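Here's the structure we're looking at; comments come further down.
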Amino acid sequence: MISKVEEMLIKMIKSIYLFSSFSDEEILDIAKDFKLEYVPSSTVLIKEGEIAPNIFIFKSGSWEVRKWFGLKKVILGTLGPGSIVGEMSLLTGKPAVASVVVKTDSEIWQIGREKFLEFLNSHPHIKKEIEKIVAQRQKSNEEKLKQMESSVDPSLNDLDLNIYL
């Protein structure tokens, strides 16, 4: 029998697109590897150009997604509870295309790369589904970034200013 706490956890995790096709048992299986952590504002969780160390899910607070185009810092969006970041970089093994910075003190759930990949390897049907989702999202993100790059002064695009994050 599933407890009230487990029901709430299942509901929260299933509301995230990446986990929506998981069964209740699969959610509980992976949930044991998530760690809850307090993160103060201004913390850089993911740095543009680096591979994300974890998948992060907001429990509370807000985050800002930032990208540098030469000298121009562009805010791609602000995220809140239930949002997930780091999954694209973690699953593709490619560097993150933007930085994620904690805007307000937050509580986050996180799971490391090895634990998540271990879970996927033991659930091949989920791995296949997630690979499809990631491929679609990656294509969409690449199109959006191309549009943004074309709106920035080209003389600024050759500068690498990641050190200022």
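Worth a mention:
- Net charge over other residues, Cβ less than 9 angstrom from the Cβ of VAL101 (K, R count +1; D, E count -1): +1
- Entries of LYS14/LYS127; LYS35/LYS146; LYS94/LYS115; LYS72/LYS139 with Cα pairs more than 26 Å apart: LYS35/LYS146
- Of LYS59/LYS144; LYS47/LYS132; LYS59/LYS103, those spanning more than 18 Å from alpha-carbon to alpha-carbon: LYS59/LYS144; LYS47/LYS132
- Reach of LYS32 by Cα under 16 Å, taken over aspartates and glutamates that are not fewer than 8 positions away in the same chain: GLU6, GLU7, ASP24, GLU114, GLU118
- Three-way shape call for region 55-114 based on the alpha-carbon gyration tensor, with the a/c threshold at 1.5: oblate
- Using a cutoff of 8 angstrom between alpha carbon atoms and counting only pairs six or more residues apart, the relative contact order for region 1-157 works out to 28 percent.
- Crossing angle, helix 124-150 versus the chain [Cα axis fit, 0-90 degrees, rounded to tens]: 20
- Over region 40-150 - Rg/Rh using Cα atoms and the Kirkwood inverse-distance radius: 0.98
- The trypsin sites (Lys or Arg not before Pro) of region 77-154 include none that meets both conditions, a loop assignment by DSSP and at most 14 other Cβ atoms within 10 Å of the site Cβ.
- On full extension, the segment bounded by ASN141 and VAL5 gains 45.5 nm, given 0.36 nm per residue less the C-alpha separation.
- LYS94-SER62 pseudo-label distance in nm [points 7 Å out on the Cα-to-Cβ vector]: 3.0
- For region 45-67 and region 76-96, distance of Cα centres in Å: 6
- In the chain, the DSSP-assigned H stretches of four residues or longer account for a calculated mean residue ellipticity at 222 nm of -12000 deg cm²/dmol, using -39500 (n - 2.57) per stretch and the full residue count as denominator.
None of the figures in this text is laboratory data; all of them are computed from the coordinates on show. It should be emphasised that the depicted structure is a prediction, and the values quoted were computed from it without experimental measurement. Please note: Cβ atoms are built from the backbone with ideal geometry, for glycine as well, and neighbour counts cover all protein chains shown.
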